[in-house]
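One structure follows; several queries about it will come next.
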Amino acid sequence: QYYELAQDYLSLVRVYCFQGNIQRAAEIANETGNWAASYHLARQYESMEEVKQAVHFYTRAQAYNNAIRLCKENNLDDHLMNLALLSTPEDMMEAARYYEEKGEQMDRAVTLYHKAGHFSKALELAFATQQFGALQLIAEDLDEKSDPALLARCSDFFIEHRQFERAVELLLAAKKYYEALQLCLEQNLIITEEMAEKMTVSKDSKELPEDARRELLERIADCCMRQGNYHLATK
């Protein structure tokens, strides 16, 4: 009663566990959501080899690394994916390696590497296992700060699958302006003002020498003229 009045749920759970009334201890931990009580109860269930209950209460305690460890040890692959996504990038990486080493559910490994911020590893695995849906999701997170080699590889993938507009976006992010322009010409893609701006290298930029910069601008203008966009061409 004193523990209840003081709302000392950890002590209450400890007492009920000591008395062997683990059911009542579980009710208290579930009702209150107290992290310390849930953690203590999870350890009790783990010592009793009641794995699913232990995973449940480690999760309630936000002790995700312990819950992940138990899932891996007991092949609870569905639980593992959900827990990893709630946890830290390190835990996501660990879970991704687990799926990769098992050689099953590679889509989960790709998703976790991606969510953990390891784009190159996610892409490498997605290409190797032909996870095309995952590739498209990863590509959405790529921008001009991404590794140019990754951008180029992804653009090749989109060209191969006839998603030319997406390929142009990635080529522009990789600063491969000539290739992007050539693809627009070959596939008759309309050059929008936004695309033209991305292709336009400023005078102060060290990306291209002045003569190459001028040549690129002329090519963009020529392409716009062919497409009948005279306003953009004159800009």
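The values are calculated or read from the model by the stated rules, or taken from the named source; none is laboratory data. None of these values were measured; they are calculated from a predicted model. We place every Cβ from the backbone using ideal geometry, glycine too, and count neighbours over all the protein chains shown. Only protein heavy atoms, including side chains, enter the accessible area calculation; ligands, DNA and RNA are left aside. Shrake-Rupley method; radii C 1.70, N 1.55, O 1.52, S 1.80 Å.
Can you name every residue in segment 65-88 that is of a type in the set (Lys, Arg) and either within 13 Å of Thr111 (Cα to Cα) or open to solvent by 70 Å² or more (accessible area, probe 1.4 Å) (or both)?
Listed by number, the list holds a single entry, Arg69.
Then there is this: Return the only residue of Glu101, Glu140, Glu144 being surrounded by fewer than 21 Cβ atoms within 10 Å (Cβ to Cβ) and under 14 Å from the mean Cα position of the chain (by Cα). Full working, then the answer.
Numbers: Glu101 fails: under 14 Å from the mean Cα position of the chain (by Cα); Glu144 fails: under 14 Å from the mean Cα position of the chain (by Cα).
Result: Glu140 is the single residue among Glu101, Glu140, Glu144 that is surrounded by fewer than 21 Cβ atoms within 10 Å (Cβ to Cβ) and under 14 Å from the mean Cα position of the chain (by Cα).
Of all residues in segment 77-108, how many are over 18 Å from Tyr64 (Cα atoms) and either modelled with pLDDT of 90 or more or part of a helix (DSSP H, G or I) (or both)? Steps first, answer last, please.
If we filter segment 77-108 for residues that are over 18 Å from Tyr64 (Cα atoms), which is where we start, we get 100-107.
Imposing the further condition that a residue be either modelled with pLDDT of 90 or more or part of a helix (DSSP H, G or I) (or both) reduces the set to 100-102, 106-107.
Matching residues across segment 77-108 total 5.
Let me ask something additional. Within segment 154-191, can you find the residues that are charged (D, E, K, R), part of a loop (DSSP other than H, G, I, E, B) and more than 22 Å from Ser120 (Cα to Cα)? Quick ask: steps written out before the conclusion?
Initially, segment 154-191 is screened for residues charged (D, E, K, R), giving 156, 160, 162, 165-166, 169, 175-176, 179, 186.
Narrowing the set further to residues that are part of a loop (DSSP other than H, G, I, E, B) leaves 162, 175-176.
Scanning segment 154-191 gives a single hit, Arg162.
Can I ask one more? Going through Leu232, Leu217, Leu135, Leu151 one at a time, which residue ends up being assigned to a helix (DSSP H, G or I) and either at pLDDT below 75 or open to solvent by 80 Å² or more (accessible area, probe 1.4 Å) (or both)? Reasoning before the result, please.
On the way: Leu217 fails: either at pLDDT below 75 or open to solvent by 80 Å² or more (accessible area, probe 1.4 Å) (or both); Leu135 fails: either at pLDDT below 75 or open to solvent by 80 Å² or more (accessible area, probe 1.4 Å) (or both); Leu151 fails: either at pLDDT below 75 or open to solvent by 80 Å² or more (accessible area, probe 1.4 Å) (or both).
Every option except Leu232 fails the conditions.
Would you be able to tell me the number of residues in segment 167-190 that are open to solvent by 50 Å² or more (accessible area, probe 1.4 Å) and of a type outside the set (Asp, Glu)? Walk me through how you get there before you give the answer.
First, pick out the residues of segment 167-190 that are open to solvent by 50 Å² or more (accessible area, probe 1.4 Å): 169, 175-176, 178-179, 182, 185-188, 190.
In the following step, the residues that additionally are of a type outside the set (Asp, Glu) were identified as 175-176, 178, 182, 185, 187-188, 190.
Of the residues in segment 167-190, 8 are open to solvent by 50 Å² or more (accessible area, probe 1.4 Å) and of a type outside the set (Asp, Glu).
For segment 46-64, which residues satisfy the criterion of being more than 19 Å from Gly33 (Cβ to Cβ) and buried (at least 16 other Cβ atoms within 10 Å of the Cβ)?
Step one: of segment 46-64, the residues more than 19 Å from Gly33 (Cβ to Cβ) are 46-51.
Glu46, Val51 - these are the residues of segment 46-64 that are more than 19 Å from Gly33 (Cβ to Cβ) and buried (at least 16 other Cβ atoms within 10 Å of the Cβ).
With respect to Lys203, determine if the residue is loosely packed, with under 12 Cβ neighbours inside 10 Å, basic (Lys, Arg) and at pLDDT below 80.
Values: loosely packed, with under 12 Cβ neighbours inside 10 Å: yes; basic (Lys, Arg): yes; at pLDDT below 80: yes.
Yes.
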